[in-house]
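Have a look at the structure below, then the notes.
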Amino acid sequence: MKQPFLQAIKERVLVLDGAMGTMLQQRGLKPGQSPEELILTLPGTVAEVHRQYLDAGADIIVTNTFGGSREKLSHYGLEGRLAEINARAVEIARGVAGKRAYVAASMGPTGKFVEPVGDLTFDQMAAQFREQAEALVGAGADLITLETFLDIKEIRAAIIAIREISAEIPIIAMLTFDDKGRTVLGTPPEAAAITLEAVGADIIGSNCGLGVEGIYDILSAMRRVSTLPLISQANAGLPVLKDGNTVFPATPDEMTVYHERMLALGVRIIGGCCGTTPAHIRAIKDALAGKDQTLPQFAFTDGTTWLSGRGGCGAIGGGRPVAIIGERINPTGKKAFAAELREGKVSYIRREAMEQIAAGATLLDVNVGAPGIDEPAAMEQAVFCAAGAASVPLVLDSSNPEALERGLKSADGKVLINSVNGEEKSLRRILPLAKKYGAAVIGLTLDESGIPETAEARTAIAATIAERAVSLGIRRNDVVIDCLTLAVSAEQKRAMETLSAIRRVKGELQLNTVLGVSNISFGLPCRPLISSAFFAMAMEAGLDAAIINPKEQAMMDVWRSVMVLLNRDANAAAYIDAYKGTVAVQPGAPAEQAPLDIRGILAKAVIDGDGENIVAHVEAALAQGLSPLEISNEGLLPGLEEVGRRFEKNIVYLPQVMLSAETMKTAFARLKQEMQGMNLASLGRILMATVEGDIHDIGKNIVCTLLENHGFEVIDLGKNVPAAKIVAEAKARNVDAVGLSALMTTTMAEMENVVSLLREAGVKTFTMVGGAVLTQDYATEIGADLYAKDAMEAVSKIKVLLGKNNGN
Ligand code: THG
């Protein structure tokens, strides 16, 4: 099944259908009703929509199963009919498509986030998609299309789950990006592409959120790191208000203006999202006729190993500067860190993650193996913490397969497994993990007989590891070889043998190489001298990545210098940037940064999201005689305000903001004990609700959390809330502001209704509106007092609006 569809998109560009929800609304779907329910109650209507798109020229018909997961169906009490709904939907689509079109089974997000941002575990999330995919694939869908995902961890879990059911079924994987080119949780398109390709998506792209030009920019970024076929499913422009209705303004012809550029980029499927109609699909189809649809070739020949984290990507090889893998998150020889790990604490990991990145690490090694530690559990905690503190890809360093698997489940993207070796049991156990979870692997050149003497024998093991990986479907570029460093004090001849092995692995096998460098100097005085000299030699021999301590000045000095000498630092720009103004080494200068006072420590803990130590800091502040109000206004709040500024500048993203907010909450809980009897004055009382007809509450929940942690009192009425209830509660509770949320264009109009009902009822309160498709213009038009484009903006604007910006 995989072959015919994937063959077809090689030969020509296929057209996928347009919006489903709006078509169903015109045909009887009521506000607040599940669109999937119509599969049971009005199958003929669903079929009619499919037929309209087929008649308009669609080559791919998408089933009405976007909300067909257990989590989504349970909002309507339909979870008991999950298998039936999903299977029937495929049958209905097939009945219309016959052999004229492919049937793509739609799967959308569950509305929940994966841990630690959300509360579903990887396994729970995967189970959601496994269950739905079983029904869809079982009913004979030709392919699966994952649409409108916001959380890279959720879509990653979905693809891994689908691949457990079928290695063959083609998977389209699409995320939604905002106008800053990131998902809600801060993932850029490059990192998304690397992750999706690694776990086995066949076609990647983006739907919803943006019009064609915005989608084109996203796809261009994906193309920089991936050779996969692309899909574009743009909205018909961004919504505007016209005669009291929200409309998507792009005409059918406007949807086609990017066709030629899309084709040149390797886009092989074009469809439409919100606001597109059969007329748009027909225009898209007609405009393709006569265009050159030859598949462009995107063979990357530079041999790069791509890696990704939630917020960014990383690369090894391809003639780039040698990647620096920070080795400090490793309890070897670090008693205090080992003790922390045993207590389940992560402060050390957070600090080392941030400091190593600041020192220049481009990847982070995570090793939590030490006696007396539950390594799988510690690995999960460490991955959550390191990924929250730094956006770079991770290197999971363990000889325990269970620990590796937990780490792979916890990760945000494509990690590097450290390591597999030439032993049969290692190859058998580790390589399938890399395949399943979409990871690259470090291959150690040792086997059952230990580390071979000669470069030749080490190269042979490297070749075996690469072949075995490729035979499982792992890309050859995703095997990075470690020729192994031995202490030169013990084995003086073998240092040169290691370098010679690096040359052979690069020259004969064309594989990327990595080395744990510092072991070379074990047993000798002044270790950084030997280590850094060896590091320079290894880089000249062709090393692509080094596991080192990036806080060791000598190592980084050599790294930056050698990158200039090997012509990998164009115009010595990075070197000059690091050393300009440096005048030899001066005793006493430059001055150490002044230690932070307690207010600074509190602020920093909030900025870092250090929930573990915040209570201790609050207690220290109390012991120094600060009042709870001073602690709040001079320590915690300035920290949170800095987080807001960093969010504005795209330095941090929602997951970090949530961590900081949690830290704030922990601090406030402790302060409240001090203030018994006194009232910790609230900044204001806010009523929050998702309006009737809409069951999307992720955005609203984020706003609630942030408001609370900024000192507001929040009354959350939940989702799908009738206007009358909102008005009654606003009156009865005497609130300062009412916040309304809606995601769907079809429910935006309900906001206007609520705003005017509040006015009519004489409720004197501010109204604030938000939601993915909302705009300032729309907010103004419906008479809302405030529009916020995201949760942070909601908090800062409401503060200004209520005139309590300067604390109490
Ligand atoms: N190859 C691969 N992976 C590896 C290694 C390798 N992972 C582990 C190791 N070698 C690289 N990581 C470290 C981590 C810590 C130290 C050295 C290498 C280290 N620890 C000090 C000690 O043991 O005395 C403690 C240092 C401190 O407290 O600062 O030196 O070769 N693929």
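Read-outs: derived from the displayed coordinates by stated rules, not from any lab. Just so it is clear, the structure is predicted and the values come from calculations on it, not from any experiment. Reconstructed Cβ throughout: ideal geometry from the backbone, glycine too, with neighbour counts over all protein chains shown.
Among 414-423, 667-676, 133-142, how do they line up by average Cβ neighbours within 10 Å per residue, starting with the highest? It would help to have the intermediate numbers written out before the result.
Values: 414-423: 24.5, 667-676: 15.1, 133-142: 21.8.
By packing density, highest mean first, the sequence is 414-423, 133-142, 667-676.
Give the shape of the range 1-158 as rounded, prolate or oblate, defined through the alpha-carbon gyration tensor: a ≥ b ≥ c are the square roots of its eigenvalues, a/c under 1.5 means rounded, and otherwise the shape is prolate if a/b is larger than b/c and oblate if not. Since a/c reaches 1.5 but b/c is at least a/b, the shape of the range 1-158 is classed as oblate.
Residues whose amide H falls under 5 Å from that of residue 482, counting only those 5 or more places apart or on a different chain, are 443, 444, 445, 514, with hydrogens built in the peptide plane. Once backbone amide H atoms are built at 1.01 Å from N, residue 715 has 686, 687, 688 as its partners under 5 Å, excluding neighbours fewer than 5 places away on the same chain. Sorting the Cα pairs of the range 636-687 by distance into bins of 10 Å, from 0 upward, gives 21, 43, 29, 7, 0 percent per bin. For the chain, the mean residue ellipticity at 222 nm estimated from helices alone is -13500 deg cm²/dmol, where every DSSP H run of n ≥ 4 contributes -39500 (n - 2.57) and the total is divided by all residues, rounded to the nearest 500. Computed from the C-beta positions of residue 6 and residue 464, the FRET efficiency with R₀ = 41 Å rounds to 0.85.
Pairs over the 24 Å Cα-Cα cut-off, from the set 649/797; 700/799; 153/551; 242/789: 153/551. Sequence-ordered 3J(HN,Hα) estimates for the range 390-396 from the Karplus curve with 6.51, -1.76 and 1.60 and θ = phi - 60° stand at 9, 8, 6, x, 9, 10, 8 Hz, glycine and proline given as x.
Over the range 458-506, calculate the relative contact order: mean separation of alpha carbon pairs under 8 Å at least 6 apart, over the residue count, as a percent. Present the calculation step by step, with values, prior to reporting the outcome.
Working: 27 pairs, mean separation 18.1, N = 49.
In percent, rounded to a whole number, it is 37.
Can you give the % of DSSP beta bridges in the chain that are antiparallel, to the nearest 5? If we restrict to bridges inside the chain, about 10 percent are antiparallel. For the listed peptides 782-792, 104-114, a ranking on the average number of other beta carbons within 10 Å per residue, highest first, reads 104-114, 782-792.
Sorting check: for 514-523, 766-775, which peptide has the highest mean count of neighbouring beta carbons within 10 Å, and how do the rest follow? Don't skip to the end; give the middle numbers.
Numbers: 514-523: 21.3, 766-775: 23.1.
Result, highest mean Cβ count within 10 Å first: 766-775, 514-523.
For the range 705-804, a/c is less than 1.5, where a ≥ b ≥ c are the root eigenvalues of the C-alpha gyration tensor. That puts it in the rounded class.
Look at the Cα gyration tensor of the range 540-584: its axes a ≥ b ≥ c give a/c of at least 1.5 with a/b at or below b/c, and that counts as oblate. Over the range 318-370, Cα pairs under 8 Å with separation of 6+ residues give a relative contact order of 59 percent.
Convex hull volume of the C-alpha atoms in the range 207-277, normalised per residue: 72 Å³. Rounded to the nearest whole Hz, the Karplus-based 3J(HN,Hα) values (6.51 cos²θ - 1.76 cosθ + 1.60, θ = phi - 60°) of the range 752-765 follow the sequence 4, 4, 5, 4, 6, 5, 4, 4, 4, 6, x, 7, 8, 8, with x at glycine and proline. Only alpha carbons enter this Debye calculation for the chain, each as an equal point scatterer, and the log10 of I(q)/I(0) it gives at q = 0.04, 0.08, 0.10 Å⁻¹ is -0.19, -0.75, -1.13. Each Lys or Arg adds one and each Asp or Glu takes one away; over the other residues whose Cβ falls under 9 Å from the Cβ of residue 691, this sums to -2.
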